[in-house]
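Data block below; observations after.
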């Protein structure tokens with residue numbers, strides 16, 4: 001997967017720009033990086049504070065096949081975590097289904113949105129939001145982290161090319177997580193062994209190669225919870 005990077009100053013959402021590019025025939029791997037988003041969004045329709053200093057980007061993925069790739073958000077999260085560690089940030093963890101964590105605080109998130117043309121998968125917009133040197137909202141400062149606290153002098157513009165490359169690579173992969181990815185995920189799993197009340201009450205028992213969360217209920221049964229792309233709209 002390859003393509004150009006479009007650098008923008010202020011947009012509502014880089015996800016929206018990618019969807020517009022894709023609908024107009026944009027190439028696989030095209031990426032949009034914005035300095036600021038005015039209507040950034042996270043999973044389940046939540047708003048995402050996206051001020052200047054953070055890294056806000058989206059990549060166009062046109063995977064082969066009729067369905068979105070298995071474990072897409074997890075695979076992207078692993079790839080981004082690896083790129084961040086190469087940039088000097090240690091201890092990056094992955095919280096199912098799509099968060100990047102450090103020391104128990106949220107550093108960033110992944111959002112995959114699919115679009116369908118009839119019964120055919122048209123494309124997927126893969127969004128990444130990372131706190132870098134942006135000012136965190138006061139109400140989130142205990143729960144969120146910024147990369148600049150881990151890597152002094154870190155700048156979103158410097159990180160963007162490596163993160164785009166990581167997302168492109170992950171978006172081009174097909175099938176379940178391979179053994180190397182599963183081993184890395186086991187090392188980075190932020191909730192393994194923790195008590196959960198949702199999406200299923202029980203104890204987190206790892207993440208399967210298909211990206212499904214495994215939860216051991218109190219009766220001993222292991223239940224699997226899958227999450228696909230956040231939006232699957234027909235065009």
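For region 186-197, check the following and say yes or no: at least one residue is under 23 Å from residue 87 (Cα atoms) and surrounded by 18 or more Cβ atoms within 10 Å (Cβ to Cβ). Among the residues of region 186-197, at least one is under 23 Å from residue 87 (Cα atoms) and surrounded by 18 or more Cβ atoms within 10 Å (Cβ to Cβ), which makes the answer yes. Criterion applied to 79, 22 was being in contact (Cβ under 8 Å) with a residue 40 or more places away in the chain, buried (at least 21 other Cβ atoms within 10 Å of the Cβ), in a helix (DSSP H, G or I) and under 13 Å from the mean Cα position of the chain (by Cα), and the one residue passing it is 79.
The set of residues from region 149-181 being crowded, with 18+ Cβ neighbours inside 10 Å, within 20 Å of residue 209 (Cβ to Cβ) and over 14 Å from the mean Cα position of the chain (by Cα) comprises 173, 177, 181.
Can you pull out every residue in region 82-92 that is surrounded by fewer than 19 Cβ atoms within 10 Å (Cβ to Cβ) and touching a helix residue (DSSP H, G or I) at 6+ places or on another chain (Cβ under 9 Å)?
82, 86, 87, 88, 90, 91
Could we say that residue 128 is under 16 Å from the mean Cα position of the chain (by Cα), closer than 28 Å to residue 183 by Cβ, in a strand (DSSP E or B) and at pLDDT 95 or above here? Judged against the criteria, residue 128 is a match. Of note, residue 164 satisfies the criterion of being over 22 Å from residue 190 (Cβ atoms) and at pLDDT 95 or above.
Sort out which residues of region 36-68 are modelled with pLDDT of 85 or more and either part of a helix (DSSP H, G or I) or in contact with a helix residue (DSSP H, G or I) (Cβ under 8 Å, 6 or more places away or on another chain) (or both), and write them in order of number.
Going residue by residue through region 36-68, those that are modelled with pLDDT of 85 or more are 36-38, 51-63.
If the condition is that a residue be modelled with pLDDT of 85 or more and either part of a helix (DSSP H, G or I) or in contact with a helix residue (DSSP H, G or I) (Cβ under 8 Å, 6 or more places away or on another chain) (or both), then 37, 53, 54, 55, 56, 57, 58, 59, 60, 61, 62, 63 are the ones that fit.
The values are calculated or read from the model by the stated rules, or taken from the named source; none is laboratory data. This structure is a prediction, so every number in the text was calculated from the model and none was measured. Positions of Cβ are backbone-derived with ideal geometry, glycine not excepted, and every protein chain shown enters the neighbour counts.
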